[in-house]
Amino acid sequence: MRKPIIAGNWKMNKTISETLELIEALKAPKFDEGVEVVLAVPFTSLSEAKKALEGTGIKLAAQNMHWEEQGAFTGEISPLMLKEIGVDYCIIGHSERRQYFNESDERVNKKVKSALKHKIRPIVCVGETLEEREGGQAEKIVKEQVLKALEGIDKGDIEEIVIAYEPIWAIGTGKTASSDDANNMCRLIREVIGNKYDDTTKEKIRIQYGGSVKPSNIKELMEKEEIDGALVGGASLVAEDFIKIVNY
Ligand code: 13P
């Protein structure tokens, strides 16, 4: 059985004091214990968030990292820095990084390998643009992104990885992929893993859907067989909404 994983990606939102306020609001209620809850906060908030989350069972994620441990890479954050804070997960290859910061499949692959080496669990994002979907290319693009991200990764490490299928046209637009479309793409991703590794491995990997996930659509998405969780943007910034999503 794959444990459902719901992660809030706060993106470039929340100062340190705002982070602590939101965490306080999220701590008050009881989250469903059957769901793994992860918060991906900005770099500047990670240390304080780690302390604030102590004892809650909520996991902490970074939103990006460099693959090198140290060096002349002005403005970058290394896996060692994240590890010392006690970060559990790191989002890698989010479409906003691919679109605005030239994140290539090759870099995504380097980051995934480095994260695994440092025992930081990667949440690897893949997804097609609207043009690609309308041109009938969605499956090809997603398959390629998955294979390139996992190049050179051993079977034994696959369980540590979460894949987030986030169609770019559904991010921040209010448009959600239909639960069937989302499920079909998650199935395709699972098949790609099955073909590259084996059937046991394909059953182990957790695959999230992301893109305008809200309290009103989470239940339908989570009922689908291939969808193991959600990567939530906007709605994760509103405590009431995120709580409803986790306790779907
Ligand atoms: P929204 O939920 O705001 O559409 O963002 C999705 C996302 O990009 C999560 O990583």
* **1.4 Å probe accessible area per residue over the chain, in Å²** => 47 Å²
* Asked: Under unit Cβ charges (Lys, Arg +1; Asp, Glu -1), what dipole magnitude, rounded to 20 debye, does the chain have relative to its Cα centre?
  -> 320 debye
* Asked: How large is Rg over Rh for region 50-152, taking Rg from the Cα atoms and Rh as the Kirkwood inverse mean of 1/r across Cα pairs?
  -> 1.03
* To do: Provide the convex hull volume over Cα atoms per residue for region 78-207, in Å³.
  => 113 Å³
* Asked: Which of the chymotrypsin sites (Phe, Trp or Tyr not before Pro) found in region 37-143 are loop residues per DSSP with 16 or fewer other Cβ atoms within 10 Å of their Cβ?
  -> Phe73, Phe101
* Asked: Which whole-percent values make up P(r) of region 164-248 when all C-alpha to C-alpha distances are grouped in 10 Å steps starting at zero?
  -> 19, 49, 25, 7, 0
* Structure fact -> Once normalised by the length of the chain, the mean sequence separation of its alpha carbon contacts under 8 Å that are 6 or more apart gives a contact order in percent of 21 percent
* On the protein heavy atoms, probe 1.4 angstrom, tell me the percent of accessible surface of the chain carried by carbon and sulfur. => 48 percent
* To do: Return the inverse of the average 1/r over all pairs of distinct C-alpha atoms in the chain, which is the Kirkwood hydrodynamic radius, in Å to one decimal.
  => 18.0 Å
* For region 53-111, size of Cβ-based charge dipole, Lys and Arg +1, Asp and Glu -1, in debye -> 120 debye
* Kirkwood Rh and Cα Rg combined as Rg/Rh, region 9-101 -> 0.98
* Asked: In this model, which of Lys117/Lys140; Lys148/Lys196; Lys11/Lys148; Lys11/Lys219; Lys111/Lys175 are farther than 22 Å apart at the alpha-carbon?
  -> Lys117/Lys140; Lys11/Lys148; Lys11/Lys219; Lys111/Lys175
* Structure fact -> In order over region 38-53: 3J(HN,Hα) from phi, Karplus 6.51/-1.76/1.60, θ = phi - 60°, whole Hz, x for each Gly or Pro, gives 10, 10, 9, 9, x, 3, 5, 9, 4, 4, 5, 5, 4, 5, 5, 8
* Of Val126, Gly233, Ile58, which is farthest along the charge dipole of the chain in the positive direction, counting Lys and Arg as +1 and Asp and Glu as -1 at C-beta? -> Ile58
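The values are calculated or read from the model by the stated rules, or taken from the named source; none is laboratory data. These numbers come from a predicted model, not from an experiment. Positions of Cβ are generated from backbone atoms using ideal geometry, with glycine treated the same way; all protein chains shown enter the neighbour counts. Heavy atoms of the whole protein, side chains included, go into the accessibility calculation; ligands, DNA and RNA do not. Shrake-Rupley method; radii C 1.70, N 1.55, O 1.52, S 1.80 Å.
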